[in-house]
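Encoded as structure tokens, the structure appears first; notes follow it.
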Amino acid sequence: MPKESFETPWSEESRGLMIVKRVIWVIIAVNFVFAVMSGYRAYYQVRSLDLRLTEHVLRSETSIEVIAESYGRDPIKVSLDLIQGAMTKTLGGFRIPPNYIPAVDPRLKRASMTVTLTPELLAGFGSGPAQLRATALGRPEFGRTPPPLVREVSVEIKQ
């Protein structure tokens, strides 16, 4: 019987070679899934940002809580600012570190900060309306810097 032109000398694969090929394809498929997830997490770095107040009237001893959650791919920088007219003061900030092996670790990272206002923090601000702004900023990935995630709350300052 003549040999076909597409037939190769290795057309009869051994059972061991078939198992090795299947294992390699499974490894490639799993890595592809991780790569797709990692790409999404690099593009959208901040998952959520919450700004919680005990009350919307700011005075000494008022607590403000900032909760941020990242996808763990890149470090995230979070800051809390108090704005009244042209006066702006940073009340606090923190950093969410990336996961140990960020490209393949899909776990979320969560961090929070609580600021209790003191007369020193409110110094320079007058009584009246103001804005509290929490900002979460990621790092450049794929030649793109993601836009910051911002949460603002209108408040009233009472001295």
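The values are calculated or read from the model by the stated rules, or taken from the named source; none is laboratory data. Bear in mind the structure is a predicted one, so any value in this text is a computation, not a measurement. Virtual Cβ from ideal backbone geometry, glycine too; neighbours counted across all protein chains shown.
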Listed by first then second residue, the pairs whose first member lies in the stretch 145-159 and is over 8 Å from T135 (Cβ atoms) and of a type in the set (S, T, N, Q), whose partner is at pLDDT below 95 and crowded, with 16+ Cβ neighbours inside 10 Å, with beta carbons under 7 Å and at least 6 positions apart or on separate chains, are Q159/L122
For residues that are surrounded by 13 or more Cβ atoms within 10 Å (Cβ to Cβ) and either at positive phi or among the acidic types (D, E) (or both), tally how many sit in the stretch 12-52. 0
Those residues of the stretch 124-138 which are out of contact with any Lys or Arg (no Cβ under 7 Å at 6 or more places or on another chain), of a type in the set (G, A, S) and under 26 Å from A68 (Cβ atoms) amount to A130, A136, G138
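Which of the residues belonging to the stretch 91-111 are of a type outside the set (V, I, T), part of a strand (DSSP E or B) and surrounded by 14 or more Cβ atoms within 10 Å (Cβ to Cβ)?
Initially, the stretch 91-111 is screened for residues of a type outside the set (V, I, T), giving 91-95, 97-100, 102-103, 105-111.
Add one more test, that the residue is part of a strand (DSSP E or B), and what stays is 91-95, 109-111.
Across the stretch 91-111, the qualifying residues are L91, G92, G93, F94, K109, A111.
Among what's in the stretch 53-90 and is of a type in the set (G, A, S) and over 17 Å from the mean Cα position of the chain (by Cα), pick the residue that is surrounded by the fewest Cβ atoms within 10 Å (Cβ to Cβ). Reasoning before the result, please.
Filtering the stretch 53-90 for residues of a type in the set (G, A, S) gives 60, 63, 68, 70, 72, 79, 85-86.
Subsequent filtering for residues that are over 17 Å from the mean Cα position of the chain (by Cα) retains 60, 63, 85-86.
Numbers: S60: 13, S63: 12, G85: 11, A86: 5.
Among those residues, the one meeting the criterion is A86.
Residue check: is L108 modelled with pLDDT of 90 or more and under 30 Å from G128 (Cβ atoms)? Explain how you work it out, then say what you get.
On the way: modelled with pLDDT of 90 or more: yes; under 30 Å from G128 (Cβ atoms): no.
In short, no.
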